[in-house]
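Participant: One structure, pasted below without further comment.
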Amino acid sequence: MTSLESFGARLLGALARSEVPEPDYLINRLGAAVQEQWTRAAAERGLLEPEPIPVRWRAASVPIAGPPLAAAHSHRFMPLPGVTAVQEKMLRTGDVLDLYELYAGLGSGRLVIAGPPGSGKSSAAILLVLTALRQRTLVPQDAQRYVPVPVLFTFHGWDPVTQPIEDWLAVRLNQTYPLFAGNGGAVQAAELLATGKIAVILDGLDEIPQSLRSVALRALNQQATFRLVILSRSAELAETATHVQLEGAAAIELQDVDPATAADYLARSQLYPPPSGWRELIAILHQDPESPLAQALRSPLALALVRDTYRGADDVRELIDFVVTPGHNISREDIEDHLLDRVLPAAYVQRPGSAPPLYDLQTAKLTLSYIAMQMSREDTRDLEWWRISAWAPASPRIVTTGLIAALGFGLGAWIVTAPVYGTATAVVAVLAAGLAGGIAGALIGVFGGRRPPMRIRLIKWRPVFRLYSIAIGVAAGLLAGFLSGPAIGLVAGIVAGSGTAMAGGFSRWEAAGGRTSSLVSPTASWRSDRSCGLAIGLAAGLVAGLVSGLIGGFAIGLTGGLAVGLAAGLVIGLTIGLIVPRTWSTALAFVQLARRRHTPIRLLRFLEDARYRDVLRTNGPAYQFRHLRLQDRLTKQ
């Protein structure tokens, strides 16, 4: 081999490697993305400042897994760098901040975290993710490749009957993290899972249908080759464990906060010295630990609600007065419901030095109750904005989209034909183009509402030339040529059809290449989808405008033809860019819900405002109620 051939071979090899990122590069990028995601979530949940609620755990009190000795003595996984192997005595009791030692040192690599409602399971999972990522950065760089990056998902959306766990996780990674966008990204995610470079934390086993819980655990027993942590409510997991358990797992159970610890935590979270009402509350917790108030504040959820909803100097006295009301037998559940009912009034009150809330309390309560009811009907804790359109009838959106498309295409046809062929021919072209646009718009209204949002990514031309893409383009081209032929001549119609075919194929590339959720936030996902739709429209409009301009150039000269053609292409492109994105159908659904349910017409702005007021939180591109029990409470009201 000559030196030139050798250089060429090395160059081609480098180019080939550059198309597929190295696994270590990918996993480091994933670690940074997960760190950003859950640091934001931790801040929204109050896990960073003030300090996390001091929750402790102990060995599970109900049979939900096998013997701790078997999990500790397994040799399936070596301890991660800097961590010693877990011994049986280490599984007896500990603090929630110690969970990393179990996760990283268990020989079986499998951990089950259970607890009653409101015990802080999701918060524990987030803290575990952040601790694992922080520890990963502390090991020597050459050893980081042996430390997996943890990802946290809920069980929602997985059908263990038909979908292997690695396939589903690859799809979730593809949808959640932009670095795995596209078909190639899903393959890369699957490879990282298969090679143990990703650890998986799955929350909410109790929230999937009861009939699927045993199936899910059996599937995980057979298919999960990575480090695995599962979180679930104790009662539901114990019931499932009578049929099947997660083999090799160590099981721990989160405990209530004892009243003295709760009192110390509240004292550290308030002014110093505390106002008189807070001193009285703290004294009750210390002196009467069996009182209903002390028992209610054993729940991390209730403790967080007291911390977050009583923000005035001494307004906590309202809680004390509620508990000691003469003639009322107040239970722990009554106190928890009372605290949940305070969330919205505390969030939608004008705060000193800030502008009035964008929405009044009545509007907020009505809207959030409706949202909670719809989410509960769909049996989900995640509110993805593009699914809201399913809450309103589709037919008005289909008709509106068809009319908008007909108007835009008709106007474009008038712009390009009237100066060239005269009014009579332009009228025919407008009718033909309007009919074609109306049909296309209606089809977009029917099928466009069934896909997730789009995201612009790097150009990959191969999808343009796939059979499916060509078929869409040719079909659109034949329709345009057939309709425009009688108006502007057969040859011009064929040329117009060819241009439409090119635009159709290009649009197919954009739509197929960009269908993925955005990691950053729901609003970023909204903007990305809208921008991608505009890019599709302008690309298609540019092609259509150039073709129309060349056709018109035969009659009025190339300069004039291109001018009217590009003007028409701009109108058509803006029309396409308006109706193609998922944001269009969702915005129309917002209008429908505003008329039918009296919700804010700018519903996404309302959701963002609710997040700002700590009523909602974000999980990637989805919203969640910050306190999941608040969703259940609002559903009943």
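Participant: What shape does region 259-341 take by its C-alpha gyration tensor, where a ≥ b ≥ c are the square roots of the eigenvalues and a/c under 1.5 counts as rounded, a/b above b/c as prolate, and the rest as oblate?
Facilitator: rounded
Participant: Moving on to the next point. Karplus couplings for region 597-610 from phi (6.51 cos²θ - 1.76 cosθ + 1.60, θ = phi - 60°), rounded to Hz, Gly and Pro as x?
Facilitator: Result, rounded to whole Hz: 10, 6, 7, x, 5, 9, 5, 5, 5, 4, 5, 5, 5, 5.
Participant: How large is the translational diffusion coefficient of region 20-254 in µm² per second when you combine the Kirkwood radius over alpha carbon pairs with Stokes-Einstein at 20 °C and 1.002 mPa s?
Facilitator: 120 µm²/s
Participant: May I pose another question? What is the set of long-range amide H partners of residue 151 at a cut-off below 5 Å, with H atoms built 1.01 Å from backbone N?
Facilitator: When sequence neighbours closer than 5 places are left aside, the close amide H contacts are 199, 200, 201.
Participant: Now, a different point. Binning at 5 Å from 0, report for region 279-393 what percent of all alpha-carbon pair distances ends up in each bin.
Facilitator: Reading the bins upward from 0: 2, 9, 16, 18, 16, 13, 11, 8, 4, 2, 0, 0.
Participant: Kindly identify region 75-188 as rounded, prolate or oblate by the Cα gyration tensor criterion: order the square roots of the eigenvalues as a ≥ b ≥ c, call it rounded if a/c is under 1.5, otherwise compare a/b with b/c, prolate if a/b is larger, else oblate.
Facilitator: oblate
Participant: Taking a label point 7 Å from the Cα of residue 225 along the Cα→Cβ vector, which residues of region 191-209 have an amide N closer than 20 Å to it?
Facilitator: Residues 191-202 qualify, since their backbone N sits under 20 Å from the label point.
Participant: Note down the nm distance, to one decimal, between modelled labels 7 Å out along Cα→Cβ at residue 258 and at residue 632.
Facilitator: 2.7 nm
Participant: What three numbers, in Å, describe the spread of the alpha carbons of region 31-102 along their principal axes, ordered from the longest?
Facilitator: Largest to smallest, the principal-axis extents are 38, 28, 21 Å.
Participant: Follow-up question, since we're still on this one. What list of ³J(HN,Hα) values in whole Hz, one per residue of region 414-427 in order, does the Karplus curve 6.51 cos²θ - 1.76 cosθ + 1.60 (θ = phi - 60°) give from phi, with Gly and Pro shown as x?
Facilitator: With coefficients 6.51, -1.76 and 1.60, one gets 5, 4, 8, 9, 4, x, 9, 10, x, 5, 4, 5, 4, 4 Hz.
Participant: Ranked highest first by the average count of other Cβ atoms within 10 Å around their residues, in what order do 33-40, 208-215, 225-232 fall?
Facilitator: Ranked from most to least packed, the peptides come out as 225-232, 33-40, 208-215.
Participant: Moving on. What is region 167-263 by shape, rounded, prolate or oblate, if you read a ≥ b ≥ c off the alpha carbon gyration tensor as root eigenvalues and call it rounded for a/c under 1.5, prolate for a/b larger than b/c, and oblate otherwise?
Facilitator: Prolate is the answer for region 167-263, as a/c is 1.5 or above and a/b outweighs b/c.
Participant: Under the Karplus relation 6.51 cos²θ - 1.76 cosθ + 1.60, θ = phi - 60°, what is the ordered set of whole-Hz ³J(HN,Hα) values for region 570-576, x standing for Gly and Pro?
Facilitator: Here the 3J(HN,Hα) series is 5, 4, 5, x, 5, 5, 4 Hz.
Coordinate-derived values only; no laboratory data. These numbers come from a predicted model, not from an experiment. Glycine also receives a Cβ, built like all others from the backbone with ideal geometry; neighbour counts cover every protein chain displayed.
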